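The block underneath contains the structure these notes are about, expressed in structure tokens.
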Amino acid sequence: MLHSHQSSTRRALCLLLTALIVFLGLPAFGIGARAATTPTSLGLAMQGITAHRDGWLYVAGGKGGTVNGVRATDCAGLLYSYYSDCGVSGCAGGATSQVRQNTIFSGSPLQGLPRIHGLALTNSEPGGYAHIGIYIGNNESCDNSMEGVNMVRAQVEDRHWDGWHLFDIGTKYPKEGWFEFDGRMVHYTSYEYDVDTEIDGYTIGSDGFAYLEDGEAAPVDKDLLNGVWAPATEVAAYLKSQGWSGSDDPDDIPFDYNATVNGSGVNLRAEPNTSSRVVATLSKNTRLLAGTAVAGQQITVDGKKYSMWYPVSTASGRKGYICEAYVDLHLSAPEIGFDGEGVTMAAGGSSEDIYYTTDYTDPSLEEGAPSLGTIPYVSPVCQTGCTYKAAVIKNGVVGPVTTATVMSNGAIFTDFLYRNWFAPHVDRAVALGLFNGDGSGRFNPKGSITRIQFVIVLANMSGEDVGGYSLDKGAFTDVSPNAYYAKHLAWAVDKGIVDRGGKLSPNQVLPREEMCVLLDKYLTNILGITEVDVSGIETFEDDGSISGYARESVYRMRALGIVSGVGNNKFDPMGTSQRCAASIVAVLFHDMFLE
């Protein structure tokens, strides 16, 4: 009984001492011969580095035992081995069990990685995790991969990790100060290791290690190793305050994609050919970030040959190549507008993805196609009076090109370029308010002008508010008093430019001789100019084809220089004028009499 009582007392004292040491955050010793220490994230990271250097073997179900004198684990066993070596038993199970039992905070590499050594990294699968490894800093990871491959040390993106996790199994994390790691010195500030800075006379490189002035790695200064440790709960609170998501689900993270997979069971290949390794098999509508297509193996799909392949990455971090036949690009065409101050461009996503030119070439990433950046409206070459071509370019992929010609008053048309011979005349006609577009961003310069369109031009030229005019019912047999042009027509009837009654045929194309008649009536009835010297004016070769009622008006307009022939001294009186030519006539008339 005495022996039993003494044993119980000894066990109680040991437990009390262990609890006190753990509470104080100091190294502890377990009961029996096995030493135990407080696990740290730096220690976990070193476990991965050491396992790689020592060539640990992959054995399914391995937990750190030896095989022919070499330690052996599987992927989860690598993490288990560290905690087991520390005397902590809470890291048992496979990757899924470890994450679900021990994670206090998670995130996706799509958002980046916190600068914290010893994060757990995972590859997900439906319902859990297929693989697990350790983040060792400087964007590198270590994992025990598979039989025949064993330990792998590589860049994070090369291992396709799609989740990171902050483990809380009594693990301590660096908070502030200097720490020793892998035989070198690292410095932490606010729970993350510092990079690209200077501290205590040392240069901290982009890898997080301290260097001397000559670029050599700084030796460990034991007197500087005064770092402060923090529990996982404190680190998790910090990460949350910095905007990390707390979730490793890619669907919770915005993914800036520009393409999708358009078929089912499409292979993502390691190289742009069908003989290379299959990185993953993707389902239809899988979102992709596609880069500039490269030439690869030619394949035939539905009788059509394809030889270009897109380098792509998925929301889960998988990277490889997909033939263009199986990729749909999703880059919106920019909308070009004018906000009263300057030219604006907008498209889905960031304005920094919009590139434009004003030299009639298509946008590209070459010199001469500047990005809009964060400027709400820009036009370093010209504000107005030019043609813009704009496209979204994301990850080197050029989307649909928008072409828009911006007039000097901000009006925008998409159906001609400013280098077209008629563009400056159309610009002035629009700026004067004589002409408008069709309401859908088109001017239709090559379209024939109709009778009612030219009547509207003359009403606009007068500058008079036609809102007070109304068209009597029955004024014309083929015109409704509610027609959109009724007030303009009523004005023309009132001024004696258009004769009331009968059939107007408002949408009939306007013969050239009738255009002269309408202009002559405006000259006489609105401006009061009746005398025009036509003496010495050469008669057109096709004079006999000019209607009698129109002959005088035709020659009066020729004398004024408003109209000319169509070549070979012919007038073509029944021919029609394109809208671009009619705009020139209207501008000439305006500038001669109304300027």
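Structure data summary
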quantity: Point-charge dipole on Cβ atoms (K/R +1, D/E -1) for segment 84-165, about Cα centre, debye to 20; calculated: 220 debye
quantity: Highest-first arrangement of 425-432, 41-48, where packing means the average Cβ count within 10 Å; calculated: 41-48, 425-432
quantity: Cβ-defined net charge surrounding Ala325, 15 Å radius [Lys, Arg +1; Asp, Glu -1]; calculated: +1
quantity: C-alpha center-to-center spacing [segment 557-595, segment 199-266] in angstrom; calculated: 73 Å
quantity: Peptide ranges 207-220, 549-562 listed from the most packed, as the mean C-beta count within 10 angstrom indicates; calculated: 549-562, 207-220
quantity: Cross-link partners of Lys305 among aspartates and glutamates (Cα-Cα below 15 Å; sequence separation of 8 or more within a chain); calculated: Glu324
quantity: Built amide H within the under 5 Å cut-off of Gly320, gap 5+; calculated: Val312
quantity: Helix runs (DSSP H) in the chain reaching 27 Å along axis by Cα, Kyte-Doolittle at least -0.5; calculated: 2-23
quantity: Positive-end extreme of charge dipole, the chain - chosen from Thr524, Pro231, Ser241 (charges on Cβ); calculated: Pro231
quantity: Tyr202 long-range amide H proximity, modeled H, under 5 Å; calculated: none
quantity: Peptides ranked, highest mean first, by Cβ atoms within 10 Å: ranges 333-345, 262-274, 97-109, 292-304; calculated: 97-109, 333-345, 262-274, 292-304
quantity: For Gly163, distant residues with modelled amide H under 5 Å away; calculated: Thr122
quantity: Cα→Cβ-extended label distance, 7 Å offset, between Lys305 and Asp499, nm; calculated: 6.8 nm
quantity: Accessible surface ranking that places the most exposed of Lys389, Lys495 first, with a 1.4 angstrom probe; calculated: Lys495, Lys389
quantity: Percentage relative contact order, the chain, counting C-alpha pairs under 8 Å, at least six apart; calculated: 7 percent
quantity: Whole-Hz ³J(HN,Hα) from phi, Karplus 6.51 cos²θ - 1.76 cosθ + 1.60, for segment 529-540, glycine and proline x; calculated: 9, 10, 9, 10, 6, 10, 5, x, 6, 5, 7, 5
quantity: Label assignment, Kirkwood radius over Cα pairs in Å derived from the structure, set [x] 24.6; [y] 26.0; [z] 31.5; calculated: [z]
quantity: Estimated 222 nm signal from helices in the chain, with DSSP H stretches of n ≥ 4 weighted -39500 (n - 2.57), rounded to 500; calculated: -7000 deg cm²/dmol
quantity: Cβ-based charge dipole, the chain, positive-most Cα from Trp178, Ala280, Ile199; calculated: Ala280
quantity: Cα centroid of segment 98-114 to Cα centroid of segment 323-353, whole Å; calculated: 34 Å
quantity: ³J(HN,Hα), Karplus 6.51/-1.76/1.60, whole Hz, each residue of segment 212-225, x for Gly, Pro; calculated: 7, 4, 7, x, 7, 4, 6, x, 5, 9, 4, 6, 8, 6
quantity: Protein accessible area in the chain, 1.4 Å probe - carbon and sulfur %; calculated: 49 percent
quantity: Computed lengthening from Ala237 to Met146, 0.36 nm per intervening residue step minus Cα-Cα distance; calculated: 29.3 nm
quantity: Per-residue ³J(HN,Hα) for segment 162-178, Karplus 6.51 cos²θ - 1.76 cosθ + 1.60, θ = phi - 60°, Hz, x for Gly and Pro; calculated: 10, x, 10, 9, 9, 7, 10, 10, x, 6, 9, 10, x, 10, 9, x, 8
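The values are calculated or read from the model by the stated rules, or taken from the named source; none is laboratory data. Given the structure is predicted, the values throughout are model-derived calculations rather than measurements. When we count neighbours, we look across all protein chains shown, and the Cβ atoms used for this are built from the backbone with ideal geometry, even at glycine. Protein only, heavy atoms only, side chains kept; ligands, DNA and RNA dropped before computing areas. Shrake-Rupley method; radii C 1.70, N 1.55, O 1.52, S 1.80 Å.
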